[in-house]
Number of protein chains: 2
Amino acid sequence: MNIGILGAGQLGRMLALAGYPLGNRFTFLDTTGNPSVGIGEVIVDPENTQLETFLDQVDLVTYEFEHLPVELVREIEARKPVYPSSRAIAVCQNRVEEKTLFERLGIPTPAYRVVESAEQLKAAALELGCPVVAKSVTEGYDGKGQAVLKTPEQAEQAWAEIKHSKLIVEAFVDFVREVSMIAVRGRDGDVVFYPMAENVHVDGILRYSLAPLPDLDEGVQQTADSYILSLLDELDYVGVLALELFQTPDGGLLANEMAPRVHNSGHWTQNGAVTSQFENHLRAIQGLPLGQTAALAPTCMVNVIGREGDSADILALPDAHLHRYDKSERLGRKLAHINLVAPTHGELLEKVRRCAALLPEASAPRFSFE
Amino acid sequence: MNIGILGAGQLGRMLALAGYPLGNRFTFLDTTGNPSVGIGEVIVDPENTQLETFLDQVDLVTYEFEHLPVELVREIEARKPVYPSSRAIAVCQNRVEEKTLFERLGIPTPAYRVVESAEQLKAAALELGCPVVAKSVTEGYDGKGQAVLKTPEQAEQAWAEIKHSKLIVEAFVDFVREVSMIAVRGRDGDVVFYPMAENVHVDGILRYSLAPLPDLDEGVQQTADSYILSLLDELDYVGVLALELFQTPDGGLLANEMAPRVHNSGHWTQNGAVTSQFENHLRAIQGLPLGQTAALAPTCMVNVIGREGDSADILALPDAHLHRYDKSERLGRKLAHINLVAPTHGELLEKVRRCAALLPEASAPRFSFE
């Protein structure tokens, strides 16, 4: 089966690496003019003229990036199966639709307001109580299109900086940790859940994901499972869905946002789980049985951002798994990640610190359970 | 680093899949006109006219197949680093040189004779005591160029069938099991050893490899380690070396043959060891630190030969890892393998039987420790 992927970056690359052993071939449609995937056939199409060529070659279509024109995805859907569907994209690329869906399904979220002017932004900041975070309703990811307001007076400046006609304003959450759920739904409706991961962000970019959590109450995992299950079923979803949440001091969970694709906070599964998120996404969209999601051992994913470390130093760490994306260095760019595996959480944390010291742009994380 | 691979079959394919995450790129030189690797750049060169093009593109060269003209490899060595070296190829592709080296290093082998006529073959069969196995001195693999003589009178027929000017004749060994050692030597001389695997062959083709062995005496593993270490050091070897041995009822080991490359009996390491043989070969030839070789859990590799099973059925087995080679079906052709992992050897054997039942051309194996 030839799988078409919209986008040609590291997520597509890792999907392909997981899919060749299943006998798949891959064709990537890159609309940026700057693909980095490095394997498979890449159709570079910045002028949007080669969709037919792409569709002629593929049996089904998936994507590594949800900020795609919904109309384009609907057009593709009329010709070839697309998983996850355009409906998932429409919801996930619009923060208002996403929040509305969370609410309708009874998934708690931080308090928020939707604003359409600097004045409304200021009023929302007053009402919610600063600090607040303002985010563009569409097109935001990796901390882009966001601003933090420490006082309502910063509304005008934030509005000018974000440059978007509609923003969502969220109250800051007093959280114990940021977590994420990765789950997979097959074409037959079967669902599997990965153990919840703790995520550490710096400047809005994910730096570390660690799973499984040593101090996680089973009830909290079950709550998270039920939240993501209701989303998967509601959207009649096929493939990997990622849901980012905040865990509050009382153990509660508040949904932050979701992504209809394999997700950076699930990269630990490549070396830390029986089946990786990449393989399970491919199994799901092809109608194959889903693989087991159990963790093999405590695992931490360390993102390599901006500048790479020395491969020899990194590979000298025991049970360290390097995943490079074959990209050139650039400030803030995700270049690689390293999965570290250890028999205990204590040894894992020690290894994470040793690894962070080898990366020019990384600082050692502090996890909630330390 | 761009790595050149001589050969473009499934071993090259799996090297590439292990090497992309290290940031490597791959160029394959295929001289058969029938490459199956399916990824990377393949230079199809049945007329041997494109060696320059290949060498211009690569930083170093390795190979997936040792039956290469030694002169060709020496020519390449004069231009780019080649690992393992042409000396390893010269020894491994000639059964007499191989046996001579084993003897010189004190590695026991089955009794054997070298013969150059049907008459000498008959005499050797008489002397060694039938049954004996006759093998062409060069070009034999996967049971090709071999014949079993049940009586000395079959010498003439065997000689005619093998069609080779020089044969090696080996006494049959009363063995408990066939085993293999996979070890890796880095450019700096560092060596790591994988746990010994038990191999089950049918008609000279490997069908199953299982590791680690539940009943292996530690002293036997140490003996095997010492044998392969002496070979690695003697050849100043860089990369993965495979050594096939017979284990006799008294626990002794007799060397059968070796292969200077990643080996089918090491495929279990992809899902059953901390670092796969493929990644460790690439680490070695690039001068990177070698990865840990410890087994994660009891693992069995099941070869898929001739005809494939239904992927959905296979993937429905828990902790089953499918590795397809994207080849068309043909009698006796290696098309894929499946790595099965289980918490205990008992559960593993049960899973192996279930898996074998899903493969049209497989029959369930019997391992020595059952």
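The values are calculated or read from the model by the stated rules, or taken from the named source; none is laboratory data. All of these numbers come straight from a predicted model, not from anything done at the bench. Glycine also receives a Cβ, built like all others from the backbone with ideal geometry; neighbour counts cover every protein chain displayed. To get the accessible areas, we keep the full protein, side chains included, count just its heavy atoms, and leave off ligands, DNA and RNA. Shrake-Rupley method; radii C 1.70, N 1.55, O 1.52, S 1.80 Å.
Some values worked out for this structure:
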item	result
Pairs where the first residue, in the stretch B:39-54, is in contact (Cβ under 8 Å) with a residue 12 or more places away in the chain and the second is assigned to a helix (DSSP H, G or I), C-beta under 7 Å, 6+ apart	B:Ile39/A:Tyr20; B:Ile39/B:Arg13; B:Ile39/B:Ala16; B:Gly40/B:Ala16; B:Ile43/B:Thr53; B:Ile43/B:Phe54
Number of positions in the stretch B:92-107 that are open to solvent by less than 20 Å² (accessible area, probe 1.4 Å) and not in a helix (DSSP H, G or I)	1
Any pair with Cβ under 8 angstrom, 6 or more apart, that starts in the stretch A:280-305 at a residue that is within 12 Å of chain B (Cβ to nearest Cβ) and within 25 Å of A:Lys334 (Cα to Cα) and ends at one that is among the hydroxyl-bearing types (Ser, Thr, Tyr) and open to solvent by 10 Å² or more (accessible area, probe 1.4 Å)	A:Asn280/A:Thr293
Failed item, numbered, when B:Gly7 is tested on (1) within 14 Å of chain A (Cβ to nearest Cβ); (2) out of contact with any helix residue (DSSP H, G or I) (no Cβ under 6 Å at 6 or more places or on another chain); (3) buried (at least 20 other Cβ atoms within 10 Å of the Cβ)	(1)
Out of B:Gly252, B:Gly272, sole residue that is out of contact with any helix residue (DSSP H, G or I) (no Cβ under 7 Å at 6 or more places or on another chain) and open to solvent by 20 Å² or more (accessible area, probe 1.4 Å)	B:Gly252
The stretch A:149-161 residues that are over 11 Å from A:Ala125 (Cα atoms), paired with ones that are charged (D, E, K, R) (beta carbon under 8 Å, 6 or more apart)	A:Glu156/A:Lys122
Hits in the stretch A:108-134 (condition: assigned to a helix (DSSP H, G or I), among the hydrophobic types (A, V, I, L, M, F, W, C) and crowded, with 21+ Cβ neighbours inside 10 Å)	A:Leu121, A:Ala124, A:Ala125
Answer residue from the stretch B:279-299, given it is open to solvent by less than 10 Å² (accessible area, probe 1.4 Å) and touching a Phe, Trp or Tyr at 6+ places or on another chain (Cβ under 6 Å) and is farthest from A:Leu288 (Cα to Cα) among those	B:Ile285
Hits in the stretch B:32-52 - residues which are within 14 Å of chain A (Cβ to nearest Cβ) and crowded, with 18+ Cβ neighbours inside 10 Å	B:Ser36, B:Val37, B:Gly38, B:Ile39, B:Gly40, B:Val42
Number of positions in the stretch B:233-249 that are open to solvent by less than 20 Å² (accessible area, probe 1.4 Å), under 17 Å from the mean Cα position of the chain (by Cα) and touching a residue at least 60 places away in the same chain (Cβ under 8 Å)	7
A:Asp319 vs. criteria charged (D, E, K, R) and closer than 15 Å to A:Trp268 by Cα	yes
Among (1) over 27 Å from A:Ala90 (Cα atoms); (2) part of a loop (DSSP other than H, G, I, E, B), the one test that A:His164 misses	(1)
Search result, residues across the stretch A:329-352 that are more than 18 Å from A:His267 (Cα to Cα) and within 14 Å of chain B (Cβ to nearest Cβ)	A:Glu329, A:Pro343, A:Glu347
Single match in A:Leu55, A:Leu29 (criterion: surrounded by 22 or more Cβ atoms within 10 Å (Cβ to Cβ) and either modelled with pLDDT under 95 or away from chain B (no Cβ under 13 Å) (or both))	A:Leu29
Qualifying residue in the stretch A:108-119 (condition: in contact with a Ser or Thr (Cβ under 8 Å, 6 or more places away or on another chain) and over 22 Å from A:His263 (Cα atoms))	yes
Residues that are of a type outside the set (A, V, I, L, M, F, W, C) and open to solvent by 10 Å² or more (accessible area, probe 1.4 Å), drawn from the stretch A:10-19	A:Gln10
